[in-house]
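Worksheet: the structure to be examined is printed underneath.
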Amino acid sequence: MERLTFFAGKGGVGKTTCAASIALQLALEAPNEKFTVISVDPAHSLRDVFAREKPPANLAVEAIDTREKWRRFRDSLGREIERVVGALTPQGMTIAYDTDAMRKLVEIAPPGADELFAITRLADLVADDSQRAVIVDTAPTGHFLRLIDLPKTATEWVKEFMRILLHYRELIPPGSLGEELIRASRALHALDNMLRSKDCGVIVVTRPERIVVAESKRLMSALNDRGMHLTGVIANYVAPDNDCKCDRQMRRYELEALETLGDQPLIVERRDAPVTALAELAALVPIS
């Protein structure tokens, strides 16, 4: 596994379970190494996977509510402006203009700007040399592509914020909006370098329905256009290979659909019940 691996695909294909399964297997195989599996999907269910049994001590499980963080960011921006206005004297200051400019910047935030907070956390984890690997459970395809495009689309937006805040740097305390933006700017740069390096990869999770396979092929093409490394493809919820005539017929149909992906995907067969125990989770995606 690369140091940073994204699990991407259409909503409902099983990205969370597959990401958790592989992260768990890696942690169990290397108990002296540290791993993190993190969800950046606003509708995350990652912690639910480990609700019944705790993960091993060397596997950290995190979830980031980017929308909630974005809401708090906007609220703190208002408080920050009011605090700076109250601390400044009117002589030679352009606070009224800058206040209006900052509020307008929030209004024209690029799509996916809330995911700046996910990027900041990912950059922190990647920079942590004690982490053997970071596994990322992503939001559905469109959100994921916006996330990896943020270093290109949000850099100038963040720089403009920082340009205004630098006028008042002596008034900005540690842990404030200004410091958050500085961290975001550094994170955008760091992640942009990581995304196209040999240390980053994407595993596309799909299901054997033709409409889902078609979206997965578009995602794979988009990754190629962005110069990102496709680590592999997991086909989830494939009809089991058994003696049932219906299952055998369905499996043939599904495998024909999956053949259009090109390389043979890793097959995860349909289960009759959801995975609840760690032993079942570790056996779900056969990586060894």
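The values are calculated or read from the model by the stated rules, or taken from the named source; none is laboratory data. Here the structure is a predicted model, which means the values were calculated and not measured. Glycine gets a Cβ as well: all are built from the backbone with ideal geometry, and neighbour counts include every protein chain shown. Only protein heavy atoms, including side chains, enter the accessible area calculation; ligands, DNA and RNA are left aside. Shrake-Rupley method; radii C 1.70, N 1.55, O 1.52, S 1.80 Å.
Select from the stretch 3-20 the residues that are more than 13 Å from the chain's Cα centre (by Cα) and either open to solvent by less than 30 Å² (accessible area, probe 1.4 Å) or on the phi > 0 side of the Ramachandran plot (or both) and list them in ascending order.
Pass one, the stretch 3-20, residues more than 13 Å from the chain's Cα centre (by Cα): 3, 10-14, 17-18, 20.
The answer is Gly12, Val13, Gly14, Cys18, Ala20.
Hey, could you check the stretch 21-35 for residues that are surrounded by 23 or more Cβ atoms within 10 Å (Cβ to Cβ) and touching a strand residue (DSSP E or B) at 6+ places or on another chain (Cβ under 6 Å) and say which is nearest to Leu266 (Cα to Cα)?
Step one: of the stretch 21-35, the residues surrounded by 23 or more Cβ atoms within 10 Å (Cβ to Cβ) are 21-24, 27, 35.
In the following step, the residues that additionally are touching a strand residue (DSSP E or B) at 6+ places or on another chain (Cβ under 6 Å) were identified as 23, 27, 35.
Values: Ala23: 16, Ala27: 20, Phe35: 22 Å.
Applying the filter and picking the extreme gives Ala23.
Which residue pairs have Cβ atoms under 8 Å apart, sit 6 or more places apart or on different chains, and have a first residue in the stretch 221-233 that is closer than 12 Å to Phe6 by Cβ and a second that is in a helix (DSSP H, G or I) and open to solvent by 60 Å² or more (accessible area, probe 1.4 Å)?
Qualifying pairs under 8 Å: Leu230/Asn224.
Would you be able to tell me the number of residues in the stretch 4-41 that are farther than 20 Å from Thr206 by Cα and assigned to a loop (DSSP other than H, G, I, E, B)?
4
Being outside any helix (DSSP H, G or I) and touching a Pro at 6+ places or on another chain (Cβ under 8 Å) is the filter here, so list the residues in the stretch 269-288 that pass it.
Glu269, Arg270
Which condition number does Arg251 fail, the rest of (1) surrounded by fewer than 16 Cβ atoms within 10 Å (Cβ to Cβ); (2) touching a strand residue (DSSP E or B) at 6+ places or on another chain (Cβ under 9 Å) being met?
(1)
Is there any pair linking a residue in the stretch 259-283 that is at negative phi and at pLDDT below 85 to one that is open to solvent by less than 60 Å² (accessible area, probe 1.4 Å) and hydrophobic (A, V, I, L, M, F, W, C), with Cβ under 7 Å and at least six apart or on different chains, and which?
Asp263/Val233
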